[in-house]
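Each remark here refers to the structure printed beneath this line.
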Amino acid sequence: MASGPTVERVIVAGAGLAALRGAEAMREAGFSGPLTIVGDEPYRPYDRPPLSKHVLTGETPADATTLPSSLGADVAWILGSAATRLDRAARTLHLADGRALPYDRLLIATGTRARPWPNPHEGRLSGVFTLRGRDDAAALRAALAARPRRVLVIGGGFIGCEVASLCRQLGLRATLVESGPTLLSRVLGSAVGGFIGAIHEGRGVDLRCGSEVEWLEGEDGRLVRAHLTDGTRIEADVAVIALGALRNTEWLDGSGLSADPGGVDCDAVGYVLDRDGQPDLRIAAAGDVARFPHPLYGGRRAALEHWSHAVAQGIHAGRLLAGVKPEAPYGALPTFWSTQGDVVVKSAGLTTGADAVAFTQGEPGSGRFVAVYGREGRCVAAVSVDSARWLPAHAELVATAAPFPPHGAAADRPARGITILAPGFA
Amino acid sequence: MSTTADASSGSSPGLRVCVDLNLCQAYAQCCYAAPRSFRIEGHEALIYDPAPAARDRADIERARVACPVQAIRVEDPERGA
Ligand SMILES: Cc1cc2nc3c(=O)[nH]c(=O)nc-3n(C[C@H](O)[C@H](O)[C@H](O)COP(=O)(O)OP(=O)(O)OC[C@H]3O[C@@H](n4cnc5c(N)ncnc54)[C@H](O)[C@@H]3O)c2cc1C
Ligand code: SF4
């Protein structure tokens, strides 16, 4: 489109990681026309991973997380105002402040938000936190600095594990309540999740798996304790709700696009789909909000909440909107890391639908190992715990859909043989 | 690591650093080049300062170049990103 006769206007809805990398990619691809980035938060794009890590220890100030950017003064930022409605017929984006912005190309990158505690009254108690944005992290940091008696983490996904382990690093008592059989059992399965749980228990996290918080009790508007469904009470003055994320798609209601709380649907190229399954060639989506058919997984639709995916798909969508024909459908190998205290969990591929898991490096009981996931006899994912140097070789097995169980270079134990377990997804 | 008290750490324009921790293999070259801004905890957890002080500019540039997997991205308003 840079070569087209008329100047096209581009709008990016959302001002996070995918938005930033998408806008940079448009400029790098030669698009020099008007570019406007709309974000509901009052901040330039910042990095979220530190928010559940060293922002909570106080080492990194929440406002130090602004992302490096190559965008120049030729980009208009509208911050602190949400996109509220998309009128595709009029090619107009409506904002909460009443503005209506015409567009020729639109990048949807509105990400996700933290799933709130189901009881809104309890969720508003002082001492109860969710963690998604910079302000959330600054508020939680202040609460941790006040040395609470005990921190209750509700939810044993990645963010819950990170927060609980950081509390231990700070010398705070921490209880983590998870309804599944182990930590991380939905994403990694209970075979691997059980070993990761053992690491955290070894460092003093009071782990309550297979338990559920029924209600949060307050006194004078402050959290004082939590009641589990089995009758147990946990005295805590801080609770962190880490129950996953909801995709920010409500503003697309009425747009005719195929969107729901699970994401906005895209085709294999990256254009968004309307309710009839037809692509809108003016609009692409990227990052946490986008749901797309992943070529590595037989075209099954996936919405990935990974930093590297926001970068890669943001760049892909930016180039697409700038008029660069993609060489192939978007299909970057999903990769993820999670720093839990000083333990590093990394993954490559998607564990979804895996029917077996094998430990190929290290000893799971020692807290350092690599596990490979198989599905119908092919490697589909690998997870490393404090063993990142083995991950690239395993990622290669996944990228090439190598036969499962793997043998050869990646595994350190062909002689002993590899034990194959059921992944045990909750 | 620079701290909150450092005037150049929170407010823009300053140095901005972001490491792709998927790429990072904890080789620790950055920690030797810029010890005030990068360190390894445990076996392989890289901890870094995303907003280093201006006085660390030369160290940060050395770290960026030293990283064997080019995982370190720096924006320096004095030089352009
Ligand atoms: C605490 C935390 C820790 C994390 N740690 C890791 C990690 O260790 N490793 C990893 O791989 N990933 C991690 N992630 C995930 C990673 O940060 C996300 O995948 C990434 O931020 C997604 O980028 P995005 O641009 O798609 O969405 P977001 O970063 O959510 O950005 C979307 C932006 O759009 C804004 N917005 C929403 N609705 C509207 C609207 N209607 N109008 C205008 N603007 C709107 C949002 O407020 C937000 O600013 C973490 C996430 C969190 C929250
Ligand atoms: S030099 Fe690069 S790979 Fe090594 S620790 Fe630093 S960022 Fe990671």
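Spin-label pair A:ARG275-A:VAL224: with each label point 7 Å from Cα along the Cα-Cβ axis, the two points sit 5.1 nm from one another. Judged by the mean number of other Cβ atoms found within 10 Å, the most tightly packed of the peptides A:193-199, A:238-244 leads the ranking A:238-244, A:193-199. Fully extending the segment from A:ILE418 to A:ASN119 would add 103.0 nm, taking 0.36 nm per residue of separation and subtracting the current Cα-Cα distance. Taking the convex hull of the alpha carbon positions in the range A:317-426 and averaging its projected area over all directions gives 8.9 nm².
Of the peptides A:338-349, A:86-97, the order by per-residue mean of other Cβ atoms within 10 Å, starting with the highest, comes out as A:338-349, A:86-97.
Most simply put, the protein assembly as shown has about 65% antiparallel DSSP beta bridges, counting only bridges with both residues inside it.
Taking Cβ atoms as reference points and 15 Å as the exclusive limit, the residues near A:SER32 contribute a net charge of -1, counting Lys and Arg as +1 and Asp and Glu as -1.
Under the 0.36 nm per residue contour assumption, what length would be gained going from the current alpha-carbon distance of A:ALA145 and A:ALA399 to full extension? Let's see the in-between values first.
Numbers: separation 254, 0.36 × 254 = 91.44 nm, distance 4.35 nm.
Extending this stretch completely gives an extra 87.1 nm.
Grab the other residues whose beta carbon is less than 11 angstrom from that of A:ALA284, score K and R as +1, D and E as -1, and report the net. Don't jump to the answer; show the numbers that get you there.
Values: positive: A:ARG105, A:ARG282, A:ARG319; negative: A:ASP267, A:ASP280.
That sum, taken over residues with Cβ under 11 Å, equals +1.
Per-residue 3J(HN,Hα) values for the range A:66-77, derived from phi via the Karplus relation 6.51 cos²θ - 1.76 cosθ + 1.60 with θ = phi - 60°, read 3, 7, x, 8, 9, 6, x, 6, 8, 10, 8, 10 Hz in sequence order (x marks Gly and Pro).
Going by the alpha-carbon gyration tensor, a ≥ b ≥ c the square roots of its eigenvalues, is the range A:269-329 rounded (a/c under 1.5) or, if a/c is not under 1.5, prolate (a/b greater than b/c) versus oblate?
rounded
Distance between the C-alpha centres of the range B:49-81 and the range A:174-206: 36 Å, rounded to the whole angstrom.
Which semi-axes, in whole Å and largest first, does the equivalent ellipsoid of chain A have when worked out from the alpha carbon gyration tensor as the square roots of 5 times its eigenvalues? Working shown, then result.
Values: eigenvalues 265, 171, 66 Å².
Over the Cα atoms of chain A, the semi-axes work out to 36, 29, 18 Å.
Suppose we keep just the DSSP beta bridges with both residues in the range A:116-243; what percent of those would be antiparallel, to 5? Don't skip to the end; give the middle numbers.
On the way: 9 of 25 bridges.
Of the beta bridges lying entirely in the range A:116-243, close to 35 percent run antiparallel.
The HN-Hα couplings worked out from phi for the range A:319-336 by the Karplus form 6.51 cos²θ - 1.76 cosθ + 1.60 (θ = phi - 60°) are 5, 4, 5, 7, x, 7, 6, x, 6, 8, x, 5, x, 4, 5, x, 10, 8 Hz, whole numbers, x standing for Gly and Pro.
For chain A, what is the calculated [θ] at 222 nm in deg cm²/dmol (nearest 500), taking -39500 (n - 2.57) for each run of four or more DSSP H residues and dividing by its residue count? Intermediate values should be presented prior to the final figure.
Details: 7 runs with 78 residues, N = 426.
About -5500 deg cm²/dmol.
Could you tell me whether the range A:157-201 comes out rounded, prolate or oblate from its Cα gyration tensor? Rule is a ≥ b ≥ c as square roots of the eigenvalues, rounded for a/c under 1.5, then prolate if a/b exceeds b/c, otherwise oblate. Provide the component values of the computation, followed by the final result.
On the way: a/c = 2.24, a/b = 1.99, b/c = 1.13.
Prolate shape, in that a/c is at least 1.5 and a/b is the bigger ratio.
Taking amide H atoms as placed 1.01 Å from N in the peptide plane, the amide H of A:ALA239 lies under 5 Å from those of A:VAL128, A:PHE129, A:LEU152, each 5 or more residues away in sequence or on another chain. By the gyration tensor of its Cα atoms, with a ≥ b ≥ c the square roots of the eigenvalues, what is the shape of the range A:1-139: rounded for a/c under 1.5, prolate for a/b over b/c, or oblate? Oblate. Note on the range A:116-243: the C-alpha convex hull projects to 7.2 nm² when averaged across all orientations.
Readers should treat all values here as calculations from the given coordinates under stated rules, not as data from a laboratory. As the structure is a prediction and not an experimental result, all values here were calculated from the model. We place every Cβ from the backbone using ideal geometry, glycine too, and count neighbours over all the protein chains shown.
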